[in-house]
């Protein structure tokens, strides 16, 4: 059994982490509050987050955004918080029930008990006299749960284990398909419809029988490498029909594998944003994403000589800068929350919405960096004591790398509520950084022997989700066919903000199939 159910809301996950770091007496008090609060919750109600914090800790949040949490998600997360907090404490096992004892008391399997944790059955981490740690359930809390979930437990208890006779009949049914080309998975699906039993249960029974395993082939699931190979083949123009024959999978099965591959890539991202008060508005996206400076962002810059940036052309007003930062964070917040809520196999529309938000966020960060880079290089020049292009290559690279790293961090994490511009924060941060580094000055005579060196910056290295942008230069984009060029410019931000795929048919006056075919070769 896992340490705790997975949190469904970031708010409760953060609250649990704060409680877990508190002094022992605070943890004891707030663990007791969590346990009593759990059985007050109703699945269909909405609970303001500030009320939740007050109910658990006794403290009122000042100036917090108005956030409502659904009761069903809150029940899961309070159970998770109880487990997380109790794991940091040394609680004697006493008379707490073990997992097997709870299963017996409820008349269900241990797997069902784990499912019931998501529905409000709390377990705490306890220590046996032998120092062994385990999950335990208090008798009083089990009684309270049974009282509130009586119908649910009766339904769960009605599912009895398969008898040996039933298992044998399933095996005999499966063997009747020998030589017909059906797989274990296909036979298991038929048995599921006939018996009403779970698909995984039936499949496990058939796979464990040697006779069935020898008689029926078992399709191994597509691996991550298979999914990557399929993705690459599609981008190179190979048809779904050809790939279906090659991998002996349906088109839907392969599309699902690609969706899971994209989901895994997104889940690996660490998306940071500053929570702003304006995010509490119902129409926050419409408001923050409507300014012209946000919608008409610069296209992706694949390569740029940082010493040729026109400072007057890339400078931003305070108003424009604030609009860009707020829009960048609302896009990241939306993407982060959508990623957390993704199912095992998300839909294409869900993935595209998340990826489009991250592309847009990346282009907005690019605008901030273009305004900050000249400032960072100017400060670096002051510390170098001469023009950076006159430095020896190794020292030039040091100053440039340090300046770019600081600029990226500043533009990615700036707080618009600080009332300081990107230029000012960049100047102060870069100056402080170089002041704390002991740098040996370059020889005075070195200047005459050196030629100015171009420093090419690729924005693909400046953001972890910039990989969602195509690596095409302006000339490559212009060489595309009419349809491919139109789709490319609208989809990836060469013509305003990056559009979602569902917006393109109406925008370009093309069919959905034509847009889909064009997108295959553009990623």
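Would you pick out the residues in segment 280-301 that are assigned to a loop (DSSP other than H, G, I, E, B), surrounded by 14 or more Cβ atoms within 10 Å (Cβ to Cβ) and at pLDDT 90 or above?
289, 291
Being touching a helix residue (DSSP H, G or I) at 6+ places or on another chain (Cβ under 7 Å), at pLDDT below 85 and part of a helix (DSSP H, G or I) is true for just one of 490, 486. Which residue is that?
486
Among (1) in the same structural domain as residue 124 (by TED's automatic domain parsing); (2) closer than 18 Å to residue 118 by Cβ; (3) crowded, with 17+ Cβ neighbours inside 10 Å, there is one condition residue 45 misses while meeting the rest; what is its number?
All conditions are met except number (3).
Yes or no: segment 329-338 includes at least one residue that is without any contact (Cβ under 8 Å) to a residue 24 or more places away in the chain, at negative phi, surrounded by fewer than 24 Cβ atoms within 10 Å (Cβ to Cβ) and not in a helix (DSSP H, G or I).
no
Restricting attention to segment 256-279, which residues are surrounded by 15 or more Cβ atoms within 10 Å (Cβ to Cβ) and within 15 Å of residue 224 (Cβ to Cβ)?
Once the filter is applied, which keeps residues that are surrounded by 15 or more Cβ atoms within 10 Å (Cβ to Cβ) and within 15 Å of residue 224 (Cβ to Cβ), segment 256-279 yields 256, 257, 258, 259, 260, 261, 262, 263, 266.
Rundown of residues vs (1) under 21 Å from residue 140 (Cα atoms); (2) modelled with pLDDT of 85 or more; (3) assigned by TED's automatic domain parsing to the domain that holds residue 121; (4) not in a strand (DSSP E or B), yes/no style:
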| residue | (1), (2), (3), (4) |
| --- | --- |
| 40 | yes, yes, yes, yes |
| 62 | no, no, yes, yes |
| 69 | no, yes, yes, no |
| 73 | no, yes, yes, yes |
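Show me the helices (runs of 4 or more DSSP H) found entirely inside segment 95-213 where at least 3 residues are in the same structural domain as residue 40 (by TED's automatic domain parsing) and closer than 30 Å to residue 42 by Cβ.
The qualifying helices (runs of 4 or more DSSP H) are 99-106, 110-118, 139-148, 150-157.
Which one of the conditions (1) touching a helix residue (DSSP H, G or I) at 6+ places or on another chain (Cβ under 7 Å); (2) at pLDDT 90 or above; (3) over 29 Å from residue 425 (Cα atoms) does residue 379 fail to meet, given that it meets all the rest?
Just one mismatch for residue 379, condition (3).
Residue pairs, Cβ under 6 Å, 6 or more apart or interchain, first in segment 163-180 and within 14 Å of residue 192 (Cβ to Cβ), second modelled with pLDDT of 80 or more. List them.
Within 6 Å, the pairs are 170/191; 170/205; 174/187; 174/206; 174/212.
Looking at (1) within 25 Å of residue 496 (Cβ to Cβ); (2) part of a loop (DSSP other than H, G, I, E, B), which one does residue 270 not meet, given that it meets all the others?
(1)
Tally up the residues in segment 222-245 that are surrounded by fewer than 13 Cβ atoms within 10 Å (Cβ to Cβ) and either without any contact (Cβ under 8 Å) to a residue 40 or more places away in the chain or outside any helix (DSSP H, G or I) (or both), please.
9
Do the conditions hold for residue 134, that is, is it in contact with a strand residue (DSSP E or B) (Cβ under 7 Å, 6 or more places away or on another chain), surrounded by fewer than 19 Cβ atoms within 10 Å (Cβ to Cβ), closer than 30 Å to residue 275 by Cα and touching a residue at least 40 places away in the same chain (Cβ under 8 Å)?
no
The values are calculated or read from the model by the stated rules, or taken from the named source; none is laboratory data. Since we're looking at a predicted model, the values are computed, not measured. Virtual Cβ from ideal backbone geometry, glycine too; neighbours counted across all protein chains shown.
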